[in-house]
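Here's the structure we're looking at; comments come further down.
Quick note: the coordinates plus some simple rules give every number you see, no bench work behind them. Quick caveat: nothing in here was measured; it's all calculated off a predicted structure. Reconstructed Cβ throughout: ideal geometry from the backbone, glycine too, with neighbour counts over all protein chains shown.
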Amino acid sequence: MTEPTHDPAEELQAPDEPSEPRWRETLSALLKNRLAAAGMIVLALLILSAVFADLVAPYAYTDGDIVRRLEPPGRDHWFGTDELGRDVLSRVIFGARVSLQVGAVAVGISLMVGTLIGLISGYRGGWIDAVLMRTMDVLFSFPVVLLAIAIVAVLTPSLRNTMIAIGVVFTPIFARGVRGSVLSVREEVYVRASRSLGASDWRIISRHVLPNVAAPVIVQTSLSLAFAILTEAALSYLGIGVQPPRPAWGLMLLDAQGFIPTGAWWMSLFPGLAIFLTVMALNLVGDGLRDALDPKQRSIIQSRGVT
Amino acid sequence: MSGAPEPTPEHDDSTDAEVVLSVRDLEVSFGTKRGRAEVVRGLDYDLHRGETLAIVGESGSGKSVSTLALTKLIPIPPGRGTGTAHLGDTDLISLSEAELVHVRGQRIGFVFQDPMTSLNPVHTIGRQLTEGMRHHLGLSEAAARDRAVELLAKVGIPSPEDRLGDYPHQFSGGMRQRVVIAIGLSCDPEVLIADEATTALDVTTQAQIIDLIAELQADLGMAVVWITHDLGVVAGIADRVLVMYAGEVVEQADAPELLSRPRHPYTVGLLASLPVLGDTERGDLAAIPGLPPPPTSLPPGCGFYPRCSFRSDERCATERPPLREVVAGHLVRSFYEVPEEQSRRASAATRIAIEPPDVRDEGVA
Amino acid sequence: MSSPLLEVEDLHVHFPVGRGRDRQLVRAVDGVSLTLQPGETLGLVGESGCGKTTSGLALLRLVEPTSGRVVFDGTDVRSLSKRDLRSWRRRAAMIFQDPYASLDPRLPVGESIGEALDIHGLHQGKQARRDRIGDLLERCGLHPRVADRYPHEFSGGQRQRIGIARAIACEPDFIVCDEPIAALDVSIQAQVMNLLTELQQDLGLAYLFIAHDLAAVQHVCDRIAVMYLGRIVEEAERLDLYRAPQPPYTQALLSAIPIPDPVRERERERIRLEGDVPSPIDPPSGCRFRTRCRAVFDACERIDPALQEVADDHRAACLLHGEVGTEVTG
């Protein structure tokens, strides 16, 4: 009676086809998620129309016909006109340029700086952690808009400075979140296993820690993009963000508020809707991406796709 | 589901004691993404007063689920349980949730594997201990408290009055499991179900807990269902043993008979693969190849067929073997029995070459 | 006897707990010495909290020892620079207890194995790397093509095989096996033990086999060391330990292990240990087991017993064999 150490029953079913590269697996899982796919389409449309605003928009954003001011949505002006007779649709389209740019650049800054700080803080620990986290706490303790105002006030109002200000303000959120995740991932047995093989800190961080803290960071990123656009709106609203006549969604809301009593609802509705759509789409894509990056979720998605 | 005639495992060569729990045709399944998972496939047994029945199996064999299902401690749905389970005159399976509340903890006590998670960390153990007694037995606060002190003393917790106000984290693992046992016993249950009750404990603590349950059983006359994967524990405490594999009983016998003359290929394989203290052989262990089948795609014939080293013909692959009585009180679900010689060779009794050291009190100052 | 592969002398690992005035030291490992010959398996057994796992981690410097000497094949491991330590790790690997936690859930299992090869530059080119990973998987009883699968697709036993493949990837001389079978089902435990034995014979590995299951340890180990509260209390050849356990703790431990033979199990005498293991923050003076020992006498409180030769190749730290040790002061 000879006992084999293993037999075919034990082996997993060997995959029939050669496996796809990992990025394609991730992408196909992302596309199979209907909500995420819808979010991506909306985002793509928004970005395209921002890039090709000159071609897409029916009018220039400065084009005003004072005679046809405050006109409700109609054949010539689908979204109506503002107090200077400018086409709201065109201004929403051109506004996407500023708003999306502010969101992307500001969050890009906080994502990179915040993640770096969180990684160092969580992985190294000790006095470095204490210094970095106390600094973040100080930043965190100010109300977001107040801090942004202070930064813009010091740097003089401009689009670039608005983006920097928002980036700085959001950094602690990322730093704190990443640090928390790193603290738990650092203690995982697979990190210890990697160290036992002789892996350097850099390798452990890039191969094991970063991918495993990515999920909360992605969710945070999509949420922050939304908040960044709203913060830009708040700053513009206070007159220290984007300077007129450049259109930005926040700035448009600011202008519109004075005309709400006169019944010009379209002036606030459409930029508001644009912000809402963007935020929504970003969250859908963020959630989808988080699931698609998780191998376990991914195989659930794929098995669902097959049956 | 099964068309095979199942012999009723009436068997009372060891005891004429009354039957406290009688389970028939118990089937439990779950709806999963990969289809219906048949976790328990037709289970029959009788539990007599004062008896210890061991249910042995590996993870996924259905050993835990089969007892949890008795009082619907599994989520239903997605779970589904059918069959009958008579506790005295009451069929547990037909009871409503509201009626079951009076069975759980009162007529059937539970002791689970992990004493840390089966106690609520935010309540004192006094409160957790008296809660059930006040609810089930209608005791006053003072009476419940007195009984709690008595129970803690009984399970061997020193100065019990002082410890009623303590929280679970203030106890060591072994002491926590004693508290859990005290809770399990608090309403004088007819049946105590110990589900891997000592698995998370160290061996010296395990020995304490096993002794404790045996003493309490002798005192109180309750029946114990001991669910475990450890055949050593079974050898020490069980009167009768059910061996489960892939959701069904593959072998059932009195403990001494089952462990010295196992007849089902799985039981033999399990025993042979076990390292045994005092066995001087150092070669490869006779491991069972492969893995147990997932409950969502069980083999059409014998559940153990894919891993069996005694399988012989088409029948094993295509026909589900019935549980048949091969000698009085010894039931085997297999078309072919393991020959005596191989069976004996697998048993610990034959493999032990060095006797356990004599530890009687010599040399004690 | 050839020169030992590993020599550990008076290893201590102390962890601080609490802050400020409440700061205390947990003496997880408190003076462990052991030696290991090439190709040998030494079992390290004891109950939870005795310091066996911490000892294993400390001699690989996966936790930093507080004091003591670790010499591996002539190299003083504790004096290695960070860089030298990393390249030394090629020679000493580890297998972990929990096969569910020890593999990165975001990496295909082949990558977890390949990482070892990448770190030490042990492959030439992509195809060679792939082949080597396939070989290692096959060596451990898995199909080479499962390299692209993720950990969650495997059972516990299969994951442990992957963990073993990763550990042998760099052809080490020595592996610390930390409870490698404790989390597995009975029928799978034997498979994994057989695999470990087979690899040892083929590759000439030395193992430090850390476990609480004495029956398994007795089966796979050449020698066994028993730990209690941060110390080794006995060390002997595998059958000698069972045949003639010396310190009362080892006797109690052995008598508590259930034997799957009803006749012997029900007849034999048991030593019942009362109470719990004392806290490693404040261990008893003198012999650490004296608070639970049935053979305790007055010297046990005064003298901290040292390991002494009680028979051929059999050492025990117990004053019943002569009052050898350090006098407790103050």
Potential extension, residue B:355-residue B:34 segment - 0.36 nm per residue separation minus Cα distance:
110.6 nm
Hey, which lysines would be in cross-link range of residue C:82, C-alpha to C-alpha under 27 Å, not counting anything within fewer than 8 residues on its own chain?
C:52
Three principal axis lengths of region C:105-227 [C-alpha, angstrom, descending]
45, 29, 22
Using the Kirkwood radius over C-alpha pairs as Rh, can you work out the diffusion coefficient of chain C via Stokes-Einstein at 25 °C, viscosity 0.890 mPa s, in µm² per second?
116 µm²/s
How far apart, in nm, are the 7 Å Cα→Cβ label points at residue B:328 and residue B:199?
3.6 nm
Give me the percent of DSSP beta bridges within the protein assembly as shown that run antiparallel, rounded to the nearest 5.
65 percent
Are there GluC sites (Glu not before Pro) in region A:176-265 that DSSP puts in a loop and that have at most 13 other Cβ atoms within 10 Å, and which ones?
A:187
Cα gyration tensor shape of region B:263-351, rounded if a/c is under 1.5, else prolate or oblate by comparing a/b with b/c:
oblate
Obtain the nm distance between the two label points defined at residue A:45 and residue B:25 by a simple spin-label model: each point lies 7 Å from its Cα along the Cα-to-C-beta direction.
5.9 nm
Can you find, among C:110, C:46, C:4, the residue sitting farthest towards the positive end of the charge dipole of region C:1-113, where Lys and Arg contribute +1 and Asp and Glu -1 at Cβ?
C:110
Within 10 Å of the Cβ of an average residue in C:104-117, the count of other chain Cβ atoms is 5
Provide a whole-number value for the mean count of partner chain Cβ atoms within 10 Å of the Cβ atoms in peptide C:143-153.
5
Options C:279, C:143, C:325, ranked by Cα towards positive dipole end of the protein assembly as shown, top entry (Cβ charges)
C:143
Please express the shape of the protein assembly as shown as an equivalent ellipsoid: the semi-axes are the square roots of 5 times the eigenvalues of the C-alpha gyration tensor, given largest first in whole angstrom.
59, 37, 31
Which FRET efficiency value, to the nearest 0.05, is calculated for residue C:24 and residue A:124 with the Förster distance at 25 angstrom and r the Cβ-Cβ distance?
0.50
Any residue on another chain or 5+ positions along whose placed amide H is under 5 Å from the amide H of residue C:28 is listed here as C:13, C:15
Can you tell me the orientation of helix A:88-124 relative to chain A, as the angle in degrees between its alpha-carbon axis and the longest Cα principal axis, to the nearest 10?
30 degrees
Selection of trypsin sites (Lys or Arg not before Pro), region B:16-96, meeting DSSP coil and at most 13 other Cβ within 10 Å:
B:33, B:34
Along its three principal axes, how long is chain A when you only count alpha carbons? Whole Å, largest extent first please.
99, 53, 29
Taking only the Cα atoms of region C:244-330, how large is their convex hull per residue, in Å³?
121 Å³
Just need the relative contact order of chain A here, percent rounded to a whole number, with Cα pairs under 8 Å and 6+ apart.
25 percent
Based only on the alpha carbon positions, what is the Kirkwood hydrodynamic radius of region B:19-245, in angstrom?
18.0 Å
Can you check what the Kirkwood hydrodynamic radius comes to for region A:113-223, Cα pairs only, in Å to one decimal?
15.1 Å
Scan region A:36-109 for chymotrypsin sites (Phe, Trp or Tyr not before Pro) in coil per DSSP, keeping those whose Cβ has at most 15 other Cβ atoms within 10 Å, and list them by number.
A:52, A:78
With a cut-off of 8 Å between alpha carbons and a minimum separation of six or more residues, what is the relative contact order of region B:19-245 in percent?
29 percent
Which ordering of B:302, C:287, C:318 is given by a fewest-first count of other beta-carbon atoms within 10 Å?
C:318, B:302, C:287
Under 22 Å Cα-Cα from residue B:63, which lysines qualify once same-chain neighbours fewer than 8 residues away are excluded?
B:72
Which whole number gives the average count of other chain Cβ atoms within 10 Å of the Cβ atoms across peptide B:203-216?
4
In nm², the average projected area of the convex hull spanned by the Cα atoms of region C:122-190 is 5.2 nm²
